[in-house]
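The next block holds one structure in the form of structure tokens; read it before the comments.
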Amino acid sequence: MIPLTDPLELARALIGCPSVTPADAGAQAVLGGALERLGFAVTRLRFGETENLYARIGAAGPHLCFAGHTDVVPAGDASAWHDDPFGAVVRDGILYGRGACDMKGAIAAFVAACAAHLGDGKAPRGSISLLITGDEEGPATDGTVRVLDWMAERGERPDFCVVGEPTCRAVLGDIVKIGRRGSLNAKLAVHGTQGHVAYPQRADNPVHRLVRALAALTAAPLDAGSEFFEPSSLQLTTIDVGNPATNVIPATARAGLNIRFNDRHSGASLGAWLRAAIGPHAERFDLDLSISGESFLTAPGPAVDALTAAITAATGIAPTLDTGGGTSDARFITRHCPVAEFGLIGSSMHQIDERVPVAELRALAEVYRTLLGAFGA
Ligand SMILES: [Zn+2]
């Protein structure tokens, strides 16, 4: 049987399951078995093709939830790896394998922290839960969102949730994420009237309209940032006309853009702004918006303070509160309870030879264990 107070062997067992999204490859059975040994009530939740898991021990408050994912991105060119990407080889004190850093290592650290906190057969003072999905790196539709709905129906509402995504930059302890920027994708099609380039008075050139609209959108920054966020950013990603003729004014011109936005905007407010800014330049246009996440912020308070204090106690480092980077499942969890993210150093995530020093893995487990004690769970 795998020892549970040390995260290494469980991390190795999880990496040994090639759970490339949407495959589970036995990863959640390994995790569920470990949690059952600690006394957790484990519920496997399959939604669509996605395996998810919710586990809880304790009935009282305060309720601390650890969240993460057992799926991983593909290994890429396996022959470029020094070892088998799913071999979980330990060499010179470093654990190698797909998911070592993002984020099977952190899941093993959750379990090790719980094992150390609970000791031999002790019940927790409050409650501890784990919300684990098998679809974070994919479309994420049948993952954390569905588990959260399932939890809400049963009145399962944690007081605080810590997501174990790799957040640290240079040393373990340097970054806690207390929010994330939102992300909006827009596809714009500006319509005109097709015609001969020699007779522009009989046509209406949508390319000219599109470039004026895009110039208006990019003329000024969206904002100057806010207390915990860097300025929002609008980036044009493509301009497409696809016109092979040199003597034809086309009927339609298209462009794509992405906005990473801070807490001064919402997807809806940006949609309205885009329409208002494009309108003066284009009488007829279509704008398709997809919002992959709203921005959110968990304001500093007792829960975030407990996390930062645990990090400092376990690592000696005072973390910076940050909101940068891409999106994560925290964007869903924030609708249900306060959420922050803290995990390993992210430099090798999604890369060839993804890895984590074993000492870093153990230090992360110690941060989580300290948090469980400080939070009173
Ligand atoms: Zn991840």
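See the values below:
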| read-out | value |
| --- | --- |
| Test set (1) surrounded by 14 or more Cβ atoms within 10 Å (Cβ to Cβ); (2) under 30 Å from LEU372 (Cβ atoms) - ASP305 fails condition number | (1) |
| Subset of the range 29-58 [assigned to a helix (DSSP H, G or I) and either under 20 Å from PRO158 (Cβ atoms) or without any contact (Cβ under 8 Å) to a residue 40 or more places away in the chain (or both)] | ALA29, VAL30, LEU31, GLY32, GLY33, LEU35, GLU36, ARG37 |
| LYS187 among the basic types (Lys, Arg), away from the ligand (no atom under 16 Å from the Cβ) and free of Cβ contacts under 8 Å to residues at least 12 places away in the same chain | no |
| Failed condition for THR315, given (1) surrounded by 16 or more Cβ atoms within 10 Å (Cβ to Cβ); (2) farther than 23 Å from VAL147 by Cβ; (3) within 16 Å of the ligand (Cβ to nearest atom) | (3) |
| Among residues of the range 155-182, those that are within 16 Å of the ligand (Cβ to nearest atom) and either of a type in the set (Gly, Ala, Ser) or in a loop (DSSP other than H, G, I, E, B) (or both), counted | 5 |
| Qualifying residue in the range 111-129 (condition: crowded, with 18+ Cβ neighbours inside 10 Å, under 24 Å from ILE333 (Cα atoms) and charged (D, E, K, R)) | no |
| Count of the range 96-142 residues which are within 16 Å of VAL42 (Cα to Cα), within 16 Å of the ligand (Cβ to nearest atom) and in a loop (DSSP other than H, G, I, E, B) | 1 |
| Hey, GLU49 among the acidic types (Asp, Glu) and within 16 Å of the ligand (Cβ to nearest atom) or not | no |
| Residues (under 18 Å from VAL30 (Cα atoms) and more than 16 Å from the ligand (Cβ to nearest atom)) located in the range 58-88 | PHE86, GLY87, ALA88 |
| Tabulated pairs, the range 248-259, first touching a residue at least 40 places away in the same chain (Cβ under 8 Å) and under 16 Å from ALA216 (Cβ atoms), second among the hydrophobic types (A, V, I, L, M, F, W, C) and not in a strand (DSSP E or B), C-beta under 7 angstrom, 6+ apart or interchain | ALA253/VAL207; ALA253/LEU210; ALA253/VAL241; ALA255/LEU210; ALA255/LEU214; ILE259/LEU270 |
| ALA363 in a helix (DSSP H, G or I) and surrounded by fewer than 15 Cβ atoms within 10 Å (Cβ to Cβ) | no |
| Residue match in the range 199-207 (condition: over 15 Å from ILE333 (Cα atoms), away from the ligand (no atom under 16 Å from the Cβ), of a type in the set (D, E, K, R) and in a loop (DSSP other than H, G, I, E, B)) | no |
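The rows are residues; the columns are (1) outside any loop (DSSP other than H, G, I, E, B); (2) surrounded by fewer than 16 Cβ atoms within 10 Å (Cβ to Cβ); (3) of a type in the set (S, T, N, Q).
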{"site": "GLN235", "(1), (2), (3)": "yes, yes, yes"}
{"site": "ASN243", "(1), (2), (3)": "no, yes, yes"}
{"site": "THR246", "(1), (2), (3)": "no, yes, yes"}
{"site": "ARG264", "(1), (2), (3)": "no, yes, no"}
{"site": "TRP273", "(1), (2), (3)": "yes, yes, no"}
{"site": "PRO280", "(1), (2), (3)": "yes, yes, no"}
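This table checks each residue for (1) of a type in the set (S, T, N, Q); (2) touching a Lys or Arg at 6+ places or on another chain (Cβ under 7 Å); (3) at pLDDT below 95.
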{"residue": "PRO22", "(1), (2), (3)": "no, no, yes"}
{"residue": "ALA25", "(1), (2), (3)": "no, no, no"}
{"residue": "GLU36", "(1), (2), (3)": "no, no, no"}
{"residue": "ARG46", "(1), (2), (3)": "no, no, no"}
{"residue": "LEU53", "(1), (2), (3)": "no, yes, no"}
{"residue": "ILE57", "(1), (2), (3)": "no, no, no"}
{"residue": "LEU64", "(1), (2), (3)": "no, no, no"}
{"residue": "HIS69", "(1), (2), (3)": "no, no, no"}
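The values are calculated or read from the model by the stated rules, or taken from the named source; none is laboratory data. Because the structure is predicted, anything quoted here is derived from the model rather than measured. Glycine gets a Cβ as well: all are built from the backbone with ideal geometry, and neighbour counts include every protein chain shown.
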